[in-house]
Each structure stands twice: as C-alpha cells, then as structure tokens.
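Enquirer: My questions will all concern the structure given below.
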Amino acid sequence: MKNRKKEKNNFFQINSYKFDRNYIFDKNFTTMNFKHPKPTSLLKRIIQPTVLLFTSGIFITMMPLKTQAQKQIVHQSQLWYAYFNNLKFSDKYRLLTDVQERQFIEPVGAQGTFLFRSILYRNLGNNWEAGIGLARFYQSPTKIPSTSNLVIPEWRPTIDFVNKTKAGAVNLSSRVRFEARYFHNVTQDKSALGDGYQFGNFRVRYQFGADYPIIKNSKKKPVLSIRAYDEVMVNFGSKVVANTFDQNRIYGGFVFNASKSFAFELGYLNWFQETTDGETYYNRNIIRLGINHTINLSKSKSAK
C-alpha cells in the first residue's frame with residue numbers, strides 16, 4: 001500500500017510538471033497556484049532591435065568607404081522643407097500627400113529637388129495598410145557648383161506596405177516601398193530636355209522607425225516626441241550596373257504636436273548615396289523642417 005501511495009504522489013508530481021510549467025497543483029489535484037511568467041525585458045523588446053537596425057544601417061553606409069582610396073566622396077549640406085497632408089476619409093482609407101523643397105546650403109539657395117507625391121492607403125487590418133500612388137520629381141544638378149541649370153522631371157509610380165505597432169510607450173513602424181522610375185529624355189549634349197520619357201530602374205526601399213513621447217498632456221497624448229528611422233534603398237533592373245546599393249538614410253529629430261491637426265518636425269538626416277558610375281558617393285548632411293497636417297473627414301461625416 002505504501003508503494004502504491006508513492007506511485008500516486010509521483011504520478012501527480014510528474015503530471016503537474018508536464019501539464020504546464022506555469023501551473024502547480026497539489027497532490028490531490030484541487031489547489032492551483034499560478035506562477036507568473038517573467039516579463040519580457042523592455043531592453044530586449046525595443047532597444048536591442050533598434051540598436052541592431054541602426055548599427056546595420058551605419059555598417060551598410062560605411063561599407064563603400066573600405067575602398068576609399070579608389071572612390072570619391074563628395075560632402076554636401078542641404079535644407080529640406082516638407083509639408084505632409086494626411087486626409088482621412090474613413091477608418092479604411094486615407095490619402096497622404098507631401099510637397100517637398102530641397103535646397104543646398106552651400107551655395108546658399110541652390111536648387112536641389114522639388115517633389116509632389118500622393119499615395120492612397122487602405123487599412124488591411126492587423127496593423128497593416130497598403131498604398132498605391134504617384135510622385136512627380138524635378139531634379140536639378142547634384143554636382144554643385146554646376147554650369148548647367150537643366151531640371152530633369154521624373155515620374156515615379158509607388159506601392160507601399162506599412163506596419164505600425166506599439167512596444168510599451170514606443171511606436172514602431174516598418175515600411176516597404178516599391179518604385180518605378182521614369183526620367184524625362186534629354187538631348188545628346190544634355191543641355192535641354194528631349195521628347196518623352198524612358199524607364200530608368202526599379203527601386204526597393206525599407207524603412208524602420210520609432211517614436212517615443214517625452215512630454216504628454218493631461219489626456220496622456222504626446223506633445224513632444226523623439227523620432228528616429230533608418231532607410232535602405234536598393235536598385236534593380238537591366239540598366240543597373242554599378243550601383244545596386246543606392247543609398248542609406250539615418251534620421252533623428254523631434255516632433256511637436258501643436259494640436260490634433262498640426263504637428264511640427266525638426267531633425268537631422270544623413271544621406272549616403274552611390275552614383276550610377278560606382279566611383280562617386282554623396283555624403284549629405286541635411287536639416288529637415290516639416291509640417292504634418294491631418295484632416296479627418298470621417299468625423300465630420302459621422303457628425304452629420
């Protein structure tokens with residue numbers, strides 16, 4: 001009988017362990033104690049992946065510098081002005097439009113790029129949305145100073161996939177963007193625009209970003225936030241020979257939410273880009289000023 005009791009006790013001990021290691025039952029299988037699992041460290045969930053991504057971005061940026069003796073690195077400074085309009089039609093659809101003016105700081109006021117882009121997004125659920133849109137670029141000479149004043153237009157169809165999640169107080173975002181680039185033809189001596197457009201190449205862009213609120217209002221809404229992201233761009237297509245790696249952008253800045261509709265952004269962007277000849281790289285230091293404007297039409301419709 002004693003041996004049988006021991007076997008029964010062993011039976012319950014073994015099964016209590018196999019059933020779930022987060023639960024412990026007594027030998028009569030009547031009392032259950034819950035063992036709280038150890039919470040995942042915020043350091044592991046947020047900081048480590050973010051540091052890894054930004055370190056990878058820096059590594060990708062600095063890789064071409066290993067052959068610095070054979071390469072030419074051109075340092076430039078720019079000032080970017082941006083206006084983003086987020087027009088929300090409903091919980092399913094929104095239209096994001098941005099207008100940007102990019103100028104060189106040295107020489108002061110020299111034109112860099114002017115662009116207009118509009119993308120229609122649809123909410124897919126589970127923190128995902130997809131977008132399709134079109135951008136119009138006007139590209140001035142990138143080598144400054146330049147004897148040419150030719151501005152080359154470009155059409156850029158765009159497809160986006162965006163994921164937004166939260167990890168504690170941090171808002172995380174990932175975006176994959178596919179672009180097809182169509183450049184306006186130029187004359188043989190590159191002194192004037194020609195007729196029509198020609199396809200240049202495809203490009204894939206991956207951006208990972210994080211927003212962290214440092215000041216909140218009485219309603220626990222962010223007033224001032226830190227924003228950072230890294231974006232890597234890769235070219236592909238039959239015309240891409242020397243610059244499969246296109247560029248890497250690392251950004252850090254502050255976002256001030258003045259109201260539900262307006263937010264202002266100030267930050268620094270480092271843009272490292274390889275040119276089509278594979279021999280020259282641009283290392284640009286950029287100050288970025290932005291206005292984010294949100295218009296929620298879905299609320300006005302529900303009010304009616």
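Enquirer: How many residues, within segment 252-299, are crowded, with 17+ Cβ neighbours inside 10 Å, within 25 Å of Arg94 (Cα to Cα) and aromatic (Phe, Trp, Tyr)?
Expert: Looking only at that region, the number is 0.
Enquirer: If you don't mind, there's one more thing I want to ask. Counting only residues that are of a type in the set (Val, Ile, Thr) and within 30 Å of Thr187 (Cβ to Cβ), which one in segment 197-245 is farthest from the chain's Cα centre (by Cα)?
Expert: The selected residue is Val241.
Enquirer: I want to confirm something. Restricting to segment 88-139 and keeping residues that are of a type in the set (A, V, I, L, M) and in a loop (DSSP other than H, G, I, E, B), which single residue is surrounded by the most Cβ atoms within 10 Å (Cβ to Cβ)?
Expert: The extreme case among them is Ile105.
Enquirer: In segment 195-215, how many residues are within 16 Å of Thr158 (Cβ to Cβ), hydrophobic (A, V, I, L, M, F, W, C) and surrounded by 14 or more Cβ atoms within 10 Å (Cβ to Cβ)?
Expert: Residues in segment 195-215 being within 16 Å of Thr158 (Cβ to Cβ), hydrophobic (A, V, I, L, M, F, W, C) and surrounded by 14 or more Cβ atoms within 10 Å (Cβ to Cβ): 2 in total.
Enquirer: Something else about it: Restricting the search to segment 154-168, which residues are more than 17 Å from Leu96 (Cβ to Cβ) and surrounded by 14 or more Cβ atoms within 10 Å (Cβ to Cβ)?
Expert: Once the filter is applied, which keeps residues that are more than 17 Å from Leu96 (Cβ to Cβ) and surrounded by 14 or more Cβ atoms within 10 Å (Cβ to Cβ), segment 154-168 yields Glu154, Trp155, Ala167.
Enquirer: Hey, among the residues in segment 216-250 that are more than 30 Å from Ser298 (Cβ to Cβ) and hydroxyl-bearing (Ser, Thr, Tyr), which one's surrounded by the fewest Cβ atoms within 10 Å (Cβ to Cβ)?
Expert: Going through the qualifying residues, I end up with Ser238.
Enquirer: Before we move on, is Tyr268 among the hydroxyl-bearing types (Ser, Thr, Tyr), part of a strand (DSSP E or B) and within 16 Å of Ala228 (Cα to Cα)?
Expert: yes
Just so you know, all these numbers are worked out from the coordinates, no wet-lab data involved. Keep in mind that what you see is a predicted model, and the values were worked out from it rather than measured. Here the Cβ is made from the backbone with ideal geometry for all residues, glycine too, and neighbour counts use every protein chain on show.
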